[in-house]
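Here's the structure, in structure tokens; my notes come after.
The values are calculated or read from the model by the stated rules, or taken from the named source; none is laboratory data. Being a predicted model, the structure only gives us computed values, none of them experimental. Note that each Cβ is placed from the backbone with ideal geometry, even for glycine, and that neighbours are counted across all protein chains shown. Please note that ligands, DNA and RNA were not included when accessible areas were found on the heavy atoms of the full protein model with its side chains. Shrake-Rupley method; radii C 1.70, N 1.55, O 1.52, S 1.80 Å.
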Amino acid sequence: MKTRWYKDAFFYQIYPRSFCDGNGDGIGDLRGIISKLDYIKDLGVNAVWLSPCYKSPNDDNGYDISDYRDIMDEFGTMEDFDELIAGLHARGIRLIMDLVVNHTSDEHWWFKESRSSKANPYRDYYYWRKGRGKNGKRPPNNWMSNFLGPAWKYEESTDEWYMHIFSYKQPDLNWNNPKVRQEVADICNFWFEKGVDGFRCDVITYISKKHGLPNGKIKLPLIGFEQYCLTENYHKFIKEVADKSWNRYDTTIVGEAMGITSANAPQYIDESVGELDCVFAFEHTNCDRYTQILPHKLSIKKLKSIFARWQALPQTCMPTLFFENHDQPRCVPRFVGYDCGEYRDKAAKMLPVALYMQRGVPFVFQGQELGMSDIPIGKEGEVWRDGKPVRAILKEEEVFKDILSVNAMKMFRKRAPFLMGIVKKVLKKVARDHARTPMQWSDAPNAGFCPKDVEPWMIVNPDYKIVNVAAEQNDKDSLLNYYRKLIDYRKNSECIKNGSFKEFYADSNKIYVYQRQDADTTIAVVCNFTKKETPFTLPQEWSNNNAECKLSNYDDARPLASGTLRPFEASVYEWHRH
Ligand code: NOJ
């Protein structure tokens, strides 16, 4: 049944709330996406990952689902969805949806039933436990929520606590219950029957909790992590859903996979395992963080070594290639620095070359192709007050909307106000909000995301006057057109998709140099991660070739030879045996 089409896929991720507002309420929606299908097609991608669009009270922007078989009111109707999928398929683009089944919303009817009484048949769909201590007034164990605070909430009516690894409005499903597993398989099949081509499975490595729910080690960033991530029944649960659903259709299943690393990946994603096809792992996006939270300066060498470990996996284990998603800050400021000044354009064009010429399934997050940036906290921008836009200095309290940022500020303000300065400094670098500002379509008010007299659900990045689709469409040298070229090149190259990988100068903290090769073709990729001219000696194997430059962020690309790489230069050369 499975053609493993992900091997030829180039994905574009859409965060519907921020992509395009089709009905003028300041919130992105399905009609908005439909109106931009040609834009997506022209980018050259052939697959879309759509973040959740199911019914949801939006405590966590759709990652809290109250009905898995219906569309969020703000996003439109099932008819809109049908039109969206037909429009994508008509353009040769596949669609994977987000499958959020570690938890539901507390407004899902299963949970409403579950909380109603201890005897309710749905009680066991979730984790309910007695509290610890005298009177049971302490949570059942010491696990921490990924959104801060304890991972349990007390319910007076039945005198028990329920587990929530995320917000208290996202109760964890009890996958030990076979009915829950059947429900998940049924939900997937419902969407496959509608023509959906796969899923990105949200925090899928959390679905199995250690028997007895023992206390976790006191260890940052998350107490309890080792007790609910990839524990004993993980394979059993996944296999069951795969057998009953995923493997019966021609799907691609991508797992969001905290806990999976290049070292253990084969046991989870090797083709022979028959579970997930590939995973989003976070070694590289954590390599500029202490304990996954506190930002520090990026070591290029470390980033490269993580890439190299994933590239070294057997052909039957497919890495994913991504810098951004709706949970990560924007990649240009993050990976090449805020101060690349006159070289910003070069740097923005270097990053995708470094990343997407590797082996793996590539993902571009909306706006990445334009070079969208983090929210410039502390600088001037446009905020809406009393229904009107006003110029103001952008402050965290006013512009951050994400539950995680909001919880962090609330908690520290209450418990440790003296740390607020640090909290804000950290959020400025790591907040998920940075990825969620509206897509910048033009230099019209609200960046063309929604009508000018409507308040967008989140502030528009003030750089939209320059960084926007309309401006970049018309500029042949724009980042957008560079992404198009790169995607086109990659899509048509068997060598990039399947060739071997070999790195040179792994010890360098400045340049990233690697080769892709198959029987006929060799591709040389040379990237300078610094704003200085950097010496480059041609690897022995690359001499004596008739290398053709296929892609470069410098107009006057030089022949592949020893010398120097210019600031943030990224060039790709190709030659053939026959
Ligand atoms: C991971 C998602 O990407 C994130 O946005 C969400 O908050 C959590 N999972 C909880 O569903």
Worksheet item: To the nearest 10 square angstrom, how much accessible area does Lys531 have with a 1.4 angstrom probe?
Response: 90
Worksheet item: Going from most exposed to least, what order do His211, His89, His578, His108 have by accessible area with a 1.4 Å probe?
Response: His578, His211, His89, His108
Response to the item:
From most to least accessible, 1.4 Å probe, no ligand or DNA/RNA atoms counted, Lys194, Lys217, Lys452 line up as Lys452, Lys217, Lys194
Fill in: Positive minus negative residues near Pro139 (Lys, Arg vs Asp, Glu; Cβ under 15 Å)
+3
Fill in: Calculated [θ] (222 nm, deg cm²/dmol) that DSSP helices of n ≥ 4 give over the chain, each run adding -39,500 (n - 2.57)
-7500 deg cm²/dmol
Practice prompt. Would you mind checking Lys349/Lys424; Lys2/Lys491; Lys476/Lys531 for any pair whose Cα atoms are more than 28 angstrom apart?
Written response: Lys349/Lys424
Item to complete: For Glu380, Glu574, give the ranking by accessible area with the largest first, probe 1.4 Å.
Response: Glu380, Glu574
Item to complete: For Ile393, tell me the accessible area in Å² from a 1.4 Å probe, rounded to the nearest 10.
Response: 90
Discussion item. Please report the accessible area of Leu294 (heavy atoms, 1.4 Å probe, ligands and nucleic acids excluded) in Å², nearest 10.
Written reply: 80
Response to the item:
Rounded to the nearest Å, the spacing of the alpha-carbon centers of the stretch 83-103 and the stretch 298-369 is 24
Discussion item. Based on the alpha-carbon set only, what is the convex hull volume of the stretch 292-412 divided per residue, in Å³?
Written reply: 155
Discussion item. On a 31 Å Cα-Cα criterion, which of the cross-link pairs Lys7/Lys236; Lys209/Lys410; Lys301/Lys410 come out too long?
Written reply: Lys301/Lys410
Worksheet item: What is the distance, in nm, between label points placed 7 Å from the Cα along the Cα-to-Cβ direction at Lys502 and at Arg91?
Response: 4.0
Worksheet item: So what's the projected area for the chain, the Cα convex hull averaged over all directions, in nm²?
Response: 26.6
Worksheet item: Where does the stretch 178-262 land on Rg(C-alpha)/(2.2 N^0.38 Å)?
Response: 1.22
Worksheet item: For the stretch 499-576, what % of the accessible area comes from carbon and sulfur atoms, probe 1.4 Å?
Response: 47
Worksheet entry | Pairwise label distance in nanometres, Lys7 with Asn135, each label 7 Å out on the Cα-Cβ vector | 6.3
Worksheet item: Expressed as a whole number of Å, what is the distance separating the alpha-carbon centroids of the stretch 17-51 and the stretch 230-271?
Response: 29
Discussion item. Could you tell me the ratio Rg/Rh of the stretch 223-297? Both radii from Cα atoms, Rh via Kirkwood.
Written reply: 1.04
Response to the item:
Toy charge model, Lys and Arg Cβ at +1, Asp and Glu Cβ at -1: the stretch 109-163 dipole around Cα centroid in debye, rounded to 20, equals 220
Item to complete: Express the accessible area of the chain per residue in Å², computed with a 1.4 Å probe while the remaining protein chains stay in the model.
Response: 39
Worksheet item: Which of the aspartates and glutamates could a cross-linker bridge to Lys239, judged by Cα under 14 Å and excluding same-chain residues fewer than eight apart?
Response: Asp270, Glu271, Glu275, Asp277
Practice prompt. Taking just the C-alpha trace of the stretch 499-576, give me its Rg and Dmax in Å.
Written response: 11.7, 36
